[in-house]
Each structure stands twice: as C-alpha cells, then as structure tokens.
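What follows is a single structure, written as structure tokens, with notes after it.
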Amino acid sequence: MNALDHLWARGCDFLGTKTAIMGGAMSWVSERHLVSAISNAGGFGVIACGSMNPALLDAEISATKALTGKPFGVNLITMHPQLLELIEVCIRHEIGHVVLAGGVPSGAAVRAVRDSGAKLVCFAPALVLAKRLIKSGADALVIEGSEAGGHIGPVSLTVLAQEILPVIREVPVFVAGGIGRGEAILAFLEMGASGVQLGTRFAAATESIAHEKFKAAFVRANARDAVPSVQLDALFPVIPVRGLANEGTRNFLAHQAATLKRFQSGELTKEAAQLSIEHFWAGALRRAVIDGDVEQGSVMAGQSVGMVTAIQPVAAIIAELIGQAEAAHAARQAQVPRTDARSHAA
Ligand SMILES: Cc1cc2nc3c(=O)[nH]c(=O)nc-3n(C[C@H](O)[C@H](O)[C@H](O)COP(=O)(O)O)c2cc1C
C-alpha cells in the first residue's frame, strides 16, 4: 500500500473508487463523456443535472452507464422545482451517491435520498452548517473554497479546511477549490481530508465536450484572470460566480449601472430591476461551454485555471496529480531520516 492509498482510504471506500478524486459537477460540462472518463480513470465522475428535467437526467444517466461500469454520482441543485422527481430518477437508476448543491437541502429531499439507500453528499460552507448537515443525514461533505470556479462562498479553502477538517470526523470530508496539483492534494489529505474535488482541470480535459475555444481560454488564462462577479450596489445583490474576466463581465457592470439608473428614475420597480440583473447571465454558461462564445458567455473557471497548461486526457490528469502527490510524499519521507540522523548524532 502506498502513502496515498492509506491517506485517502476512507474517501475511496466511501466512493467505491481507486482514487478519492471527485470530478466536481459542472453544468453543461459534466455530462456522460467527462463523467465516464473520470470514473473509468479511477476517479469519481459526477453528472451535473443543472436545469435538466427528469427525462433529460434519465437519458444522461443511461448514457453514462453505457460508457462506464464504475461508480459515478449525480449532482442536483436544491432549488430545482422538480428536485424530488429528479431524486426519483436517481433512485430508479440505483445511483449510489447523490450530491445536493446550492443550499441546505429540505428534510424531504434528505429523506428521499437516504431512504433509497443512496449516500448523500452535501456542501458545507461553514463549520456550524457542517454539523447541522451531518445531524440531518449527510453521509459526506464537500467543503469548497472561494478559489473554485462557478458559484462561490466567501471563504477560501485554506481557511475552511482549518476550521472544518480538525473538527469533523464523523463523515468523510472532500475539499474543493483551487486544487490543480498533487502536492496540494497530499497536503489536504494530511490535514484530514478524505479526498478532493476538482472542476477546472477536468473542464479542459480532452474528453470534456466544452467547445475548443472554451478550453483554449483555460489554457491561456492565469489564476488572476478567474475573478468573482462584481456587485455594483448594495441594493441589488449579485450571487458571486467565479469565471474568466471578459467582455461579458465588463458588460455586466454596465448593465447593473444602467439598471440602477432606471430604478432611481422610477422607470423600473425594485423587483423588476433585480430580475433584470439576475437575467443578464441567463443561458450564458451554455453559450460559452457549448457555442464557444468566450467573450460574451460566462466562462466559469477556478483560480486553478492557471495550472491548466494543456488539453490532456482525464487519465493523464489523474496520473499527473497522483505522481506529484507521491513525489511530494517521498521527498518528505526522505527528509525524515536525515533529521532523525542529525538528532541522534547530537
Ligand atoms: C464551468 C463550471 C461549472 C460549474 N457548475 C457547477 C454546478 O452546476 N454545480 C455545482 O455544484 N458546482 C459547479 N461547479 C463547481 C465544481 O463542481 C467544483 O466544485 C469546482 O470547480 C472546484 O474548484 P476548481 O474549479 O478550482 O477545481 C462548476 C465549476 C465550473 C468551473
């Protein structure tokens, strides 16, 4: 057994995989091809249901099953109006792990997943919520730092990991956000994580169906290019989403300014103004991922985008991460005897 096998044994056991590397669900990106590639490479692929209806999810799960016999999960957004029907689809397909994202899940959703025998994975954005989620039935937690791509919370993984990993031992905890190399994976496992979740690096994988221009933007970008969406005025909240700065993000600021003016002049009610701001990005992730409009679309990406330097097959990404983690561990081990030797000599 090598060091990693030992460090992430709990995570592998929970997921039923060879490595405790989860492919974070990414709307439009995490579909049958990427999900099956991650699972076939020894990781744990997760389908992003996003706004799919039950029939579409049903078809996506069937198609993924046709491409892999390995375990994979399904990520559902808690505010989806058909959440319970989507859970039923997962149950019919005997999906082993359901991830509920986008807020604290309702008791009904938690019960529906758990009664089916599937394992429930929830996102914990703070220690108090982590404890509450475990009490209400979560079998594992993901803690996702603000370095991540997509919708983000306010706290970095560095801090969340220190707050949560030393305290939560009841369930496996997977860490996400900003992870691009194996050295970081090793460090979080040593801090007590059971596994990791990566999104950005897999979005640019060969098997990802994201448009060539989307992947090329990832290869070009530096960490500093992946920025959270900016809220112009306290009156009109903007849900922070991390993505690559482009014409779309600049236009969003101009749109907020114009909408604010229309509200101040009495042309728009507060509700209408808020809706107009929320609707600005409707369909924008699809435009970037599928149509390749990386200028006007929403190019969601984590700060780890700076570590995407090429379009690689999923298996190569996973092998690279493991190689880096193992090399870092070996280097540390090699230092231990020298320190011991010195202290014996003294
Ligand atoms: C393009 C993109 C779309 C995403 N969509 C979702 C989503 O639909 N649901 C979700 O729970 N997380 C979503 N995420 C977050 C990922 O699942 C994952 O937690 C995150 O990417 C991890 O951080 P990293 O990008 O630094 O690896 C998305 C991330 C990206 C980059």
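Take the residues in segment 58-81 that are in a loop (DSSP other than H, G, I, E, B) and within 14 Å of the ligand (Cβ to nearest atom), then tell me which one is nearest to A20 (Cα to Cα).
Applying the first criterion (in a loop (DSSP other than H, G, I, E, B)) to segment 58-81 yields 68-71, 78-81.
Checking the rest, the ones that are also within 14 Å of the ligand (Cβ to nearest atom) come to 78-80.
Values: T78: 24, M79: 28, H80: 28 Å.
Result: T78.
Somewhere in segment 46-56, is a residue part of a loop (DSSP other than H, G, I, E, B), outside the structural domain of I239 (by TED's automatic domain parsing) and among the β-branched types (V, I, T)? Can you show your working first?
The first filter runs over segment 46-56 and keeps only residues part of a loop (DSSP other than H, G, I, E, B), leaving 49-53.
Next, only the ones that are outside the structural domain of I239 (by TED's automatic domain parsing) stay: 49-53.
The next check asks that each one be among the β-branched types (V, I, T); those that pass are none.
No - not one qualifying residue is present in segment 46-56.
Tally up the residues in segment 158-186 that are within 15 Å of the ligand (Cβ to nearest atom) and without any contact (Cβ under 8 Å) to a residue 24 or more places away in the chain, please.
2
When segment 242-278 is examined, which residues are found to be touching a residue at least 24 places away in the same chain (Cβ under 8 Å), among the polar types (S, T, N, Q) and more than 19 Å from G297 (Cβ to Cβ)?
Within segment 242-278, just Q274 meets the criteria.
Please list, ordered by first then second residue, the pairs with beta carbon atoms under 8 Å, 6 or more apart or interchain, first in segment 304-321 and within 15 Å of K18 (Cα to Cα), second away from the ligand (no atom under 15 Å from the Cβ) and hydroxyl-bearing (S, T, Y).
If the second residue must be away from the ligand (no atom under 15 Å from the Cβ) and hydroxyl-bearing (S, T, Y), the pairs left are V314/T206; I318/T19.
Filter segment 24-40 for residues that are over 17 Å from H151 (Cβ atoms), in contact with a strand residue (DSSP E or B) (Cβ under 9 Å, 6 or more places away or on another chain) and either more than 15 Å from the ligand (Cβ to nearest atom) or not in a helix (DSSP H, G or I) (or both) and give the result.
Within segment 24-40, E31, R32, S36, A37, S39 meet the criteria.
Which residues, taken from segment 91-104, are within 23 Å of G16 (Cβ to Cβ), within 15 Å of the ligand (Cβ to nearest atom) and touching a helix residue (DSSP H, G or I) at 6+ places or on another chain (Cβ under 8 Å)?
H97, V98, L100
Has segment 252-273 got at least one residue that is in contact with a helix residue (DSSP H, G or I) (Cβ under 7 Å, 6 or more places away or on another chain), basic (K, R), outside the structural domain of G178 (by TED's automatic domain parsing) and surrounded by fewer than 21 Cβ atoms within 10 Å (Cβ to Cβ)?
Checked against the condition, which is being in contact with a helix residue (DSSP H, G or I) (Cβ under 7 Å, 6 or more places away or on another chain), basic (K, R), outside the structural domain of G178 (by TED's automatic domain parsing) and surrounded by fewer than 21 Cβ atoms within 10 Å (Cβ to Cβ), segment 252-273 yields at least one hit.
Select, from A101, A138, A124, A187, the only residue that is within 19 Å of A301 (Cα to Cα) and within 20 Å of the chain's Cα centre (by Cα).
Details: A138 fails: within 19 Å of A301 (Cα to Cα); A124 fails: within 19 Å of A301 (Cα to Cα); A187 fails: within 19 Å of A301 (Cα to Cα).
Answer to the check: A101.
The values are calculated or read from the model by the stated rules, or taken from the named source; none is laboratory data. This is a predicted model, so every value here is computed, not measured. Because the Cβ atoms are built from the backbone with ideal geometry, glycine has one as well, and the counts that use them run over all protein chains shown.
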